[in-house]
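Just below is one structure, and these are the notes that go with it.
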Amino acid sequence: MTPFSPQEIASEGIKPEEYEEIVRRLGRHPNKAELGMFGVMWSEHCCYKNSRPLLKQFPTEGDRILVGPGENAGIVDFGDGFQVAFKIESHNHPSAIEPFQGAATGVGGILRDIFTMGARPIAVLNSLRFGNLEEARNRRIFMGVVEGISHYGNSFGVPTVGGEVYFDPAYTGNPLVNAMAIGLMETPEIVKSGASGVGNPVLYVGSTTGRDGMGGASFASAELSDESMDDRPAVQVGDPFLEKCLVEACLEAFKTGAVVAAQDMGAAGITCSTSEMAAKGGVGIELDLDKIPVRETGMVPYEYLLSESQERMLFVAQKGREQELLDIFHRWGLQAVVAGTVVAEPIVRILFKGEIAAEVPSTALADDTPIYHRELLAEPPEYATKAWSWTAESLPPCTAEGIEIGGTQRSWTEILLQLLDTPSIASKRWVYRQYDHQVQNNTVVVPGGADAAVVRLRPLEKAEGGNSSWNKGVAATVDCNSRYVYLDPYEGAKAVVAEAARNLSCVGAEPIAVTDNLNFGSPEKPIGYWQLASACRGISEACQEFQTPVTGGNVSLYNETLDSDGKPAPIYPTPVIGMVGIVEDLTRVCGQSWQQEGDTIYLLGLGVEISRVEPDLTSELRECGVTLGASEYLAALHGTVAGKPPRVDFYLERRVQEACREGIRRGWVKSAHDCAEGGLVVALAECCIGGEMGAEIDLGTPEIDRLDRALFGEGGARILVSIAPESVPEWEAYLTEQLGEHWHKIGDVGQQNGSLKVLLNNTPIIEASLADMGDRWHGAIERRLSGYK
């Protein structure tokens with residue numbers, strides 16, 4: 001007879017058929033502790049049971065890849081003795097319930113993934129999404145998340161150097177908090193997680209264990225509902241000052257050579273660390289819970305095993321050298337005990353009060369988990385086909401004076417100012433000013449200064465045979481236009497990878513590798529799985545095109561909010577791409593702002609004339625051009641989320657990005673900024689605001705179908721660059737050879753505190769002062785927050 005009711009089994013996130021499989025594998029019914037272990041380890045968060053078949057298509061190998069998927073973080077070779085670890089993780093559900101601690105521990109967790117490999121964390125980025133700031137709950141979550149990220153990163157002493165923040169009703173009640181960390185390898189050997197050496201001691205180090213974070217992995221693999229507020233115990237509580245001691249103690253311990261394997265206790269805590277270390281090493285681990293340092297009394301095995309108390313690690317040490325390691329952690333004021341042993345039998349055996357509290361085959365928990373091969377829709381769902389039927393002809397007609405919206409005539413200047421006041425486009429100054437982005441003194445490009453962050457690679461100790469000039473850097477970005485992915489998951493995901501590579505190219509970095517965070521709704525629903533599968537196919541194709549292998553990442557599914565009637569509302573599918581690139585010479589790095597009055601401005605990629613609808617072009621070729629479909633202009637000004645996002649022309653993207661990088665390397669390019677949300681004119685305005693200089697732009701006399709498409713359309717592999725006058729002849733000769741006709745001389749940088757003037761067909765279309773643009777752009781988020789206090 002089953003010792004658990006269907007409700008008890010379901011409360012652990014286990015389906016009836018999965019429970020039957022557990023019984024079959026054990027040859028008996030599990031006890032309460034074992035049921036909890038299976039619940040967390042068979043959750044989507046830990047075992048990827050719905051996404052693993054899709055992830056196998058990602059390219060994961062390359063000349064620079066030292067460690068790919070399967071470890072705590074990926075590691076790539078940057079040359080000159082530098083090895084860089086990086087990874088992205090989500091903490092979405094905890095941040096919805098307890099924004100401050102949810103976000104703070106998300107940062108703490110990703111930092112542990114980095115230093116568990118033997119790398120010192122040198123930078124953090126984050127990708128954040130919230131509902132509209134007009135709603136009080138969204139404002140509370142937004143402010144709490146930013147405060148949590150700031151608290152942990154600043155206290156730990158790692159610079160938060162970049163990221164992205166978007167606001168959309170699709171994220172109301174279900175924010176996305178994705179944290180990416182980068183580290184520089186400091187140990188002679190890469191530390192991996194597979195246990196080995198029968199008889200070797202297993203060490204528990206770090207903080208104490210309590211009841212916080214109970215079942216967090218299962219919690220992260222379920223929809224949010226009105227009852228989710230009762231799951232606050234599933235949200236962990238972090239201590240960044242303790243983690244600072246932990247990183248120092250771990251790196252010191254790794255350098256002794258006495259550590260055989262290491263695993264941080266993140267999701268699923270002791271259960272995950274023991275089972276994964278055992279399964280990867282093909283051995284078993286016996287652990288005595290009576291040896292575990294605790295912060296609460298009366299804890300039972302179920303609570304020990306499912307606790308996600310933060311700042312804890314599990315080591316396998318060389319036998320006979322355990323005291324050497326214990327002394328290091330005690331010297332840093334940390335807990336450290338020998339809590340177990342590596343055994344030959346491939347099981348996880350948990351002892352408590354002299355008895356066996358749980359005994360489970362390690363592979364059953366970590367490797368041989370359920371896998372669901374779901375059926376893919378034969379045709380795109382109705383919502384997508386309906387959206388694809390939208391055309392720009394349904395919009396009101398345009399004139400040089402503007403366009404009528406909602407019965408009111410709006411000038412193009414007014415529309416530009418409204419777009420600059422849109423929180424998703426506007427400056428994120430309110431956010432990043434709370435972050436310490438200069439700690440460690442290696443930040444070369446500060447937040448808001450360029451399309452990607454740039455950090456100097458400077459080890460604390462000079463590596464043997466390494467370069468001591470400290471003139472090499474890592475560039476990093478996190479990107480995702482989720483509206484693109486919602487409207488066309490396959491094409492939208494390709495565009496996400498292309499934009500990440502473009503952003504790195506705009507600072508002069510060569511894209512190297514990718515970590516991904518797949519944030520989606522329920523894969524058990526046909527539309528949700530279609531979105532996930534299509535996006536994975538797009539990411540795979542794009543990463544192959546840009547030769548940027550995937551080194552690992554995170555899958556966060558079931559991002560749906562259940563209302564009081566139980567009706568689910570999924571988020572937009574949001575596959576965030578974290579990409580790193582090499583900067584060979586830090587003296588040749590570009591920002592996005594104009595640098596000097598009189599510099600010449602060029603648009604690389606497709607020009608405004610490609611907006612013309614040519615009857616002899618196939619629809620596929622036209623979609624590779626500049627479009628209003630899925631654009632910020634269409635959503636913000638017309639309240640419409642429809643159309644097809646622009647298709648990626650990989651050949652043009654690669655040529656444009658290489659031209660930008662080469663121009664920066666040769667010292668021709670003084671600034672570079674990609675055209676993304678809001679299109680060409682918003683990108684021009686951002687260059688003006690950052691440099692506090694105006695610009696005189698003449699788009700010539702192209703044949704176009706719509707003015708708004710020329711001004712605010714998106715796509716086309718486009719980058720804005722400014723060039724010093726003395727470099728123009730060489731630059732244009734190079735562009736003619738590299739890009740053919742896909743470059744356009746469009747104007748000049750204006751005077752300090754001037755204005756942005758745009759002419760089209762010899763007619764003034766836009767004239768906006770720096771003061772007006774700066775006010776809208778800088779203050780958009782602050783105004784929305786202060787207006788409700």
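The values are calculated or read from the model by the stated rules, or taken from the named source; none is laboratory data. From a predicted model like this one, the values you see are computed outputs, not experimental measurements. Every residue, glycine among them, receives a Cβ derived from its backbone with ideal geometry; neighbour counts consider all protein chains shown. To get the accessible areas, we keep the full protein, side chains included, count just its heavy atoms, and leave off ligands, DNA and RNA. Shrake-Rupley method; radii C 1.70, N 1.55, O 1.52, S 1.80 Å.
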Quiz item: Of (i) 87, 62, 50; (ii) 90, 56, 45; (iii) 202, 129, 62, which is the value of Cα extents along the principal axes in Å derived from the coordinates here?
Solution: (i)
Practice problem: At 0.36 nm per residue, minus the direct Cα-Cα distance, what do Lys56 and Glu20 gain on full extension? Give it in nm, one decimal, please. | Solution: 10.2 nm
Exercise. Give, in nm to one decimal, the length gained when the segment between Lys353 and Gln409 is fully stretched (0.36 nm per residue of separation minus the Cα-Cα distance).
Key: 12.4 nm
Quiz item: If we sort 647-659, 84-96 on the protection proxy, mean other Cβ atoms within 10 Å, highest first, what's the order?
Solution: 84-96, 647-659
Quiz item: So which lysines pass the test for Lys87, namely a Cα distance under 28 Å, with those fewer than 8 places away in the same chain ruled out?
Solution: Lys49, Lys56, Lys192, Lys244, Lys255, Lys280, Lys428, Lys462, Lys472, Lys494
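Per DSSP helix of 4 or more residues, -39500 (n - 2.57); summed, then divided by the residues of the chain. What does that give at 222 nm, rounded to the nearest 500? Walk me through the numbers before you get to the answer.
On the way: 27 runs with 273 residues, N = 789.
Rounded to the nearest 500, the figure is -10000 deg cm²/dmol.
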Quiz item: In the full protein assembly as shown, how much of His373 is accessible to a 1.4 Å probe, in Å² to the nearest 10?
Solution: 150 Å²
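Once fully extended, how much extra length lies between Lys32 and Glu609, figured as 0.36 nm per residue of separation less the alpha-carbon to alpha-carbon distance? Don't skip to the answer; put the middle values down first.
Working: separation 577, 0.36 × 577 = 207.72 nm, distance 6.70 nm.
Stretched fully, the Lys32-Glu609 segment lengthens by 201.0 nm.
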Quiz item: Just the accessible area for Ile405, please: 1.4 Å probe, Å², rounded to the nearest 10?
Solution: 30 Å²
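When a/c reaches 1.5 or more, the comparison of a/b and b/c decides; with that in mind, is segment 647-722 rounded, prolate or oblate per its Cα gyration tensor?
oblate
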Exercise. Would you give the gap between the C-alpha center of segment 382-412 and the C-alpha center of segment 421-449, rounded to a whole Å?
Key: 34 Å
Quiz item: Lys525: which aspartates and glutamates have alpha carbons under 16 Å from its alpha carbon, excluding same-chain residues fewer than 8 sequence positions away?
Solution: Glu44, Glu223, Glu375, Glu379, Glu382, Glu560
Quiz prompt | FRET efficiency for Glu782 and Asp80, using Cβ-Cβ distance with R0 set to 41 Å, rounded to 0.05 | solution = 0.45
Exercise. Summarise the accessible area of the chain (1.4 Å probe, protein heavy atoms) by the percent that is carbon and sulfur.
Key: 48 percent
Practice problem: Assign one of three labels to segment 1-147, namely rounded, prolate or oblate, based on the Cα gyration tensor with a ≥ b ≥ c the square roots of its eigenvalues; rounded applies when a/c is under 1.5, prolate when it is not and a/b is larger than b/c, and oblate otherwise. | Solution: oblate
Exercise. Would you mind computing, in nm to one decimal, how far apart the modelled labels at Glu732 and Leu460 are, each placed 7 Å from Cα along Cα→Cβ?
Key: 5.4 nm
Quiz item: On average, how much accessible surface per residue is there in segment 673-717, in Å², for a 1.4 Å probe, leaving out ligands, DNA and RNA?
Solution: 22 Å²
Quiz item: So what does Trp430 come to for accessible area, using a 1.4 Å probe and Å² rounded to 10?
Solution: 60 Å²
Quiz item: What is the distance in Å between the Cα centres of segment 1-66 and segment 171-205?
Solution: 21 Å
Quiz item: Summing +1 for each Lys or Arg and -1 for each Asp or Glu, what net charge is found among the other residues whose Cβ lies under 15 Å from the Cβ of Glu375?
Solution: 0
Exercise. Mind giving me the nanometre distance, one decimal, between the label points for Gln752 and Asp775, set 7 Å out from Cα along Cα→Cβ?
Key: 2.2 nm
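Write down the accessible area per residue of segment 1-106 in Å², having rolled a 1.4 Å probe over the full set of protein chains.
Per residue, segment 1-106 has 38 Å² of solvent-accessible surface.
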Exercise. Report, ordered by chain and residue number, the aspartates and glutamates lying within cross-link reach of Lys291, taken as a straight Cα distance under 20 Å and ignoring same-chain residues fewer than 8 apart.
Key: Glu34, Asp212, Asp264, Glu303, Glu308, Glu311, Glu322, Glu324, Asp327, Glu355, Glu359
